[in-house]
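A quick write-up on the structure given underneath.
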Amino acid sequence: MSVKQTIKHKTQAFKGRVTERIGRTTRNRRLQRHGRTDQISGNLKQSGDKAKDAFKH
């Protein structure tokens, strides 16, 4: 996929890690869940992009 999308997905995963850590620090479970969701979503999108690239070549 494009570099722009790759950066976007990596940023989403990173944002999820940061949000989860903030949730852990403040003991806010909602923030932890939201962070994990963002992290998983970003990682899945990255995997999907890699699979698309593999089938193109």
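The values are calculated or read from the model by the stated rules, or taken from the named source; none is laboratory data. Since we're looking at a predicted model, the values are computed, not measured. Because the Cβ atoms are built from the backbone with ideal geometry, glycine has one as well, and the counts that use them run over all protein chains shown. With ligands, DNA and RNA removed, areas are computed over all heavy atoms of the protein, side chains included. Shrake-Rupley method; radii C 1.70, N 1.55, O 1.52, S 1.80 Å.
Angle of helix 29-56 to the longest C-alpha principal axis of the chain, folded into 0 to 90 degrees and rounded to 10: 10°. For Val3, Val18, the ranking by accessible surface with the largest value first comes to Val3, Val18, using a 1.4 Å probe. Write down the accessible area per residue of the chain in Å², having rolled a 1.4 Å probe over the full set of protein chains. Using a 1.4 Å probe on heavy atoms only, each residue of the chain averages 83 Å².
Number of Lys-Lys pairs in the chain with C-alpha atoms under 19 Å apart and a separation of 8 or more places or on different chains: 13.
Note on exposure: Phe14, Phe55 ranked by accessible area (1.4 Å probe, complete protein assembly) read Phe55, Phe14, with the most exposed listed first.
The trypsin sites (Lys or Arg not before Pro) of the chain that DSSP puts in a loop, and whose beta carbon has at most 13 other beta carbons within 10 Å, are Arg27. For the chain, what does the helix formula give at 222 nm: sum of -39500 (n - 2.57) over DSSP H segments with n ≥ 4, over the residue count, nearest 500 deg cm²/dmol? For the chain, the value works out to -32500 deg cm²/dmol.
Please report, as a whole percent, how much of the solvent-accessible surface of the chain comes from carbon and sulfur atoms (probe radius 1.4 Å). Intermediate values should be presented prior to the final figure.
Details: 2660 of 4710 Å².
It is 56 percent, rounded to a whole number.
Selection among Phe55, Thr37, Thr6 by position relative to the dipole of the chain gives Thr37 as farthest towards the positive end (Cβ unit charges, Cα centre). Computed from point charges on the beta carbon alone (+1 for Lys and Arg, -1 for Asp and Glu), the dipole magnitude for the chain about its Cα centre is near 240 Debye. Compute log10 of I(q)/I(0) for the chain with the Debye formula, placing one identical point scatterer on every Cα and leaving out solvent, at q = 0.18 Å⁻¹, to two decimals. One equal scatterer on each Cα of the chain leads to -0.58.
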